[in-house]
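Undergrad: Quick one: the structure is below, and I'll ask about it shortly.
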Amino acid sequence: MSEAGLAMSFSRVGMNQMSQARKKIAVFTATGCRACENAVLDIHFQVGSLGRMAEVVFWPYVLGSQLQDLAELDDLDVCFFSGAIRTESDEKAALELRKKSKIMVASGACAAFGGMRGLLGLRAKAETAPASDPAGEAGPPLPAEGAGAVALSGKVEVDYFIPGCPVPQNFLWTAIQSLVGRSLPLSRISFAAARLPEKIAQAVLSGVLPPKETVFAGEKAVCASCSRAKEEKRFELFKRPYEISPDPGRCLLEQGLICQGIATREGCGGLCTGCGVACRGCFGKAPAVYDPGAKMVSAISSTFDSTDASRIEDMADSFVDLAGSFYRYSLPTQCALLSKGAEGKKRAESEEAGCGCKAEPVA
Amino acid sequence: MTVEPLRWLESPSRVIYDLEGDRSRAWFQVTAPNDCSSMCAGRPAEELPRILSIFSPAHHLASAMALDRLFGVRPPEAAQNMRKALLQAQILRHHAKKLFFLVSSCVDLFSNPRGPRRRREHSQVPSHVLGDTIHLASLAQEAGTILGGRFDHPVTAVPGGMSRLPKEGQMDRLVEISESCLKDALRVSEFMRGGFLAESGLLDGLFEVSIPPMAGLALDEEGETVLNEGSGRSIERFSLEKVFETFGLHYEPWTYRPFVYLKEKGWKGLDSSAENELSFVGPLARLNFNKASKTDKAEEERQRLINKLGPFPHLSVPAAFWALLIELIQSAESLGKLCNRDGLAGSEFRVIPSSVGRKTFFAMEAPEGLIFHHYEVDERGIVKDVQVVDSETQNNALRCLLTRSVVADCVAGKKTFDETKKMLEICLMAF
């Protein structure tokens, strides 16, 4: 066979593979800001190229898909779910999409951890809805709102996570290639593999799914990729961000600013710190961290540059809104984790009391 | 019948309509709460620009400017220019995205390009238009990312200025982007203006759809809020401090968003917009001031609109989309003027405050329309209360009234569900 003929054959095989390999995907935002859906639209200016590997069968924001059509859809391969669960309508959509989807991806900080709406959990008391005019218009009832915002994993099983507020395009494209484009040639998924931790990259290059609950981000804390110089961490005085214009080359924490980088998973490339503002943790907690708030308290307090008790007390009093800073994006999932831990401990204690043997408390 | 969710709108929303005898009833509902006050209360004031950006990127800028007033500082010139450039990039991306969505209503976005020939509902959409529009949006997004750190949740606007200025290489790229943006904007406009007006164009069946004659609200050159009645006459003018004394928020149990109304006139329900207690914001409200555009090509486009549709004010759906186009061109030209080394360079990009006030107000013309911010803080600069009136709240009444009008027309014209849905979505997106 001539070279041209061979090339034509391969090209036909490639086209057949690609047309057979097109996965059915859904993109949905519950209560959120659409930034994560915009990230799908803006993938390297090539949103249309998504059509090469995927059939987008459900995308209300862009295609006008209706919730009532979900029941009639064939099973989906991958669902990219953004936004927090805030109302019963969000919960219903999450349950329905989970039932239909082989793979569920929590895309963005809101879906992955609860997001900024999770700060509702810190309000002193629940707001009562402002009074409406009793003589006003009657209308259809609204979906009931929940007590606060819940991450997707609080309602359904989630297979993969893409953190960030919003998701960065490189990891979004990486996740799409890994989960949707697995049958693509190596040359096409090498982009994905180059950006993932080694074990996950190996899975992707082998054409298998990454391990469940993989987070499409880095393996260390933001500090590992932050470009600022880290010298000696000594906290002399806490400073509010408006009080100083920080030295552009030096670690922000060392300059007295509360920066979450030490407790946050890397992957953004130190975007915020590179712009001169502190990290606020939108990529979620770093892999080795159980409680980002506790990690930050430990990190900051261990660097206090004083041994005088009253001085230390003054420094501690000067901090403001630590909970709102340390759990800016992750309050719902962190609370859920701590509740699970407390329940497990209670269960272990009652089992121990019941059977007289020592049970290991669940972490 | 339920249209849920509505395409292209930022907040989760739906339309429910039914027939009662020979009359249709329709409700436009925003189906998720705003949560603004609850999220912000207890936060340090300087964190507000990063938190409030979840409403739209422009809220990040508005919040930083509100904090300039709270902290009593005036940013250096380079920082002010950078903020202006960032706003122009935001306007460009916002308007380009809307035009992209409009074109996408006639084109199959994700058909396999290697499969059967790409299906088109509409033969008058040339194949390059979608690509050109999304490319323009992407360029604007890149400019916004350089200037704001991130586009959708920017971080660089801080009280007193910006957290950093663009680096040398970024400046070169900004200049390239602004040149490309203008070329793309003019190329896109050639198709769009024909598409808006041609029979069987993008707005098929929607030429006659208009909003009721409600007042338009916008900021004038002096930074005062001006209410223009439906005929274009200026009827009220008030300073920022008076905004929340002048406007009230009315709540209905069937939508999570309140309605903005003039307190002086009182709330009279959604049927009495002719009394001017209701108003709308956005590009069309701005253009209804009937002032010349700030840049040359945009002014040429504005004159084309006047030649085709007549003098301002306008309230129709085609005029609303054309207003997007005029502002798109204006932003592309303005970005070019702002992205230069003289304007964005300097050693000073931030002023450090020395005191904190207790209250602040700010209003800004965001891409989507006029937005208001009001904060109260304690002596430590911790937020006690935040009131943000965004453009979706400002236009909630307009959207409800437009929904009723479109549904009534569709029912009378015996349109199918899909036809009604498409008309609703295009009309609502225009405002």
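Undergrad: Could you check, for segment B:190-198, whether at least one of its residues is in contact with a strand residue (DSSP E or B) (Cβ under 8 Å, 6 or more places away or on another chain) and either surrounded by 24 or more Cβ atoms within 10 Å (Cβ to Cβ) or in a loop (DSSP other than H, G, I, E, B) (or both)?
TA: The answer is no; no qualifying residue exists.
Undergrad: Looking at A:Ser65, A:Ser107 in this structure, which one is touching a Phe, Trp or Tyr at 6+ places or on another chain (Cβ under 9 Å) and modelled with pLDDT of 95 or more?
TA: A:Ser107
Undergrad: Now for a different question. Report whether or not A:Gly146 is touching a helix residue (DSSP H, G or I) at 6+ places or on another chain (Cβ under 8 Å) and within 14 Å of chain B (Cβ to nearest Cβ).
TA: Spelling it out, A:Gly146 is indeed touching a helix residue (DSSP H, G or I) at 6+ places or on another chain (Cβ under 8 Å) and within 14 Å of chain B (Cβ to nearest Cβ).
Undergrad: Kindly indicate whether any position in segment B:164-185 is at the interface with chain A (Cβ under 10 Å from one of its Cβ atoms) and either open to solvent by less than 20 Å² (accessible area, probe 1.4 Å) or in contact with a Cys (Cβ under 7 Å, 6 or more places away or on another chain) (or both).
TA: Checking segment B:164-185: at least one residue is at the interface with chain A (Cβ under 10 Å from one of its Cβ atoms) and either open to solvent by less than 20 Å² (accessible area, probe 1.4 Å) or in contact with a Cys (Cβ under 7 Å, 6 or more places away or on another chain) (or both).
Undergrad: Follow-up. Which one of the conditions (1) farther than 24 Å from A:Gly115 by Cα; (2) in contact with a strand residue (DSSP E or B) (Cβ under 8 Å, 6 or more places away or on another chain); (3) assigned to a loop (DSSP other than H, G, I, E, B) does B:Phe55 fail to meet, given that it meets all the rest?
TA: With (1) farther than 24 Å from A:Gly115 by Cα; (2) in contact with a strand residue (DSSP E or B) (Cβ under 8 Å, 6 or more places away or on another chain); (3) assigned to a loop (DSSP other than H, G, I, E, B) applied to B:Phe55, the lone miss is (1).
Undergrad: Would you call B:Leu203 away from chain A (no Cβ under 14 Å), of a type in the set (A, V, I, L, M) and more than 18 Å from B:Ala58 (Cβ to Cβ)?
TA: yes
Undergrad: Something else about it: Does segment A:47-92 hold any residues that are more than 9 Å from every other protein chain (Cβ to nearest Cβ), open to solvent by less than 10 Å² (accessible area, probe 1.4 Å) and within 25 Å of B:Ile16 (Cα to Cα), and which are they?
TA: A:Phe58, A:Leu70, A:Phe81, A:Ser82, A:Ala84, A:Ile85
Undergrad: Turning to a different aspect of this structure: For segment B:290-312, check the following and say yes or no: at least one residue is open to solvent by less than 10 Å² (accessible area, probe 1.4 Å) and touching a Leu at 6+ places or on another chain (Cβ under 7 Å). Quick ask: steps written out before the conclusion?
TA: Quick first cut of segment B:290-312, residues open to solvent by less than 10 Å² (accessible area, probe 1.4 Å) only: B:295, B:298, B:301, B:305.
Narrowing further to those that are touching a Leu at 6+ places or on another chain (Cβ under 7 Å): B:301.
Yes: one or more hits.
Undergrad: Would you mind finding the one in B:Glu10, B:Glu47, B:Glu4, B:Glu77 that is within 12 Å of chain A (Cβ to nearest Cβ), more than 23 Å from the chain's Cα centre (by Cα) and of a type in the set (D, E, K, R)? Talk me through it step by step, then tell me what you get.
TA: Working: B:Glu10 fails: more than 23 Å from the chain's Cα centre (by Cα); B:Glu4 fails: more than 23 Å from the chain's Cα centre (by Cα); B:Glu77 fails: within 12 Å of chain A (Cβ to nearest Cβ).
The unique qualifying residue is B:Glu47.
Residue-by-condition table, conditions (1) at pLDDT 75 or above; (2) more than 13 Å from the chain's Cα centre (by Cα); (3) not hydroxyl-bearing (Ser, Thr, Tyr):
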| site | (1), (2), (3) |
| --- | --- |
| A:Pro134 | no, yes, yes |
| A:Leu142 | yes, yes, yes |
| A:Glu145 | yes, yes, yes |
| A:Pro168 | yes, no, yes |
| A:Trp173 | yes, yes, yes |
| A:Ile176 | yes, yes, yes |
| A:Leu184 | no, yes, yes |
| A:Ala192 | no, yes, yes |
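Undergrad: Which number in (1) part of a helix (DSSP H, G or I); (2) free of Cβ contacts under 8 Å to residues at least 24 places away in the same chain; (3) not basic (Lys, Arg) marks the one condition that B:Asn81 misses?
TA: Of the numbered conditions (1) part of a helix (DSSP H, G or I); (2) free of Cβ contacts under 8 Å to residues at least 24 places away in the same chain; (3) not basic (Lys, Arg), the odd one out for B:Asn81 is (2).
Undergrad: Go through segment B:1-52 and give me each residue that's modelled with pLDDT of 90 or more, among the small types (Gly, Ala, Ser) and not in a strand (DSSP E or B).
TA: B:Ser11, B:Ala32, B:Ala41, B:Gly42, B:Ala45
Undergrad: For segment A:49-79, give me each residue that is under 20 Å from A:Lys99 (Cβ atoms) and charged (D, E, K, R).
TA: A:Glu55, A:Asp69, A:Glu72, A:Asp74, A:Asp75, A:Asp77
Undergrad: Hey, another quick one. Looking at (1) at pLDDT below 95; (2) crowded, with 21+ Cβ neighbours inside 10 Å; (3) within 14 Å of another protein chain (Cβ to nearest Cβ), which one does B:Glu419 not meet, given that it meets all the others?
TA: So the condition that B:Glu419 fails would be (2).
Undergrad: Same structure, new question: Does segment A:236-248 contain any residue that is surrounded by 17 or more Cβ atoms within 10 Å (Cβ to Cβ), touching a Pro at 6+ places or on another chain (Cβ under 8 Å) and touching a residue at least 40 places away in the same chain (Cβ under 8 Å)?
TA: yes
Undergrad: Look through B:Arg350, B:Arg341, B:Arg358 and report the one residue that is buried (at least 16 other Cβ atoms within 10 Å of the Cβ) and not β-branched (Val, Ile, Thr).
TA: B:Arg350
Undergrad: Could you please give the count of residues in segment A:205-236 that are over 28 Å from A:Arg250 (Cα atoms) and outside any loop (DSSP other than H, G, I, E, B)?
TA: Residues in segment A:205-236 being over 28 Å from A:Arg250 (Cα atoms) and outside any loop (DSSP other than H, G, I, E, B): 3 in total.
The values are calculated or read from the model by the stated rules, or taken from the named source; none is laboratory data. No experiment lies behind these values; they were computed from the predicted model shown. Positions of Cβ are generated from backbone atoms using ideal geometry, with glycine treated the same way; all protein chains shown enter the neighbour counts. Just so you know, the surface numbers come from the protein's heavy atoms only, side chains and all, with ligands and any DNA or RNA stripped out. Shrake-Rupley method; radii C 1.70, N 1.55, O 1.52, S 1.80 Å.
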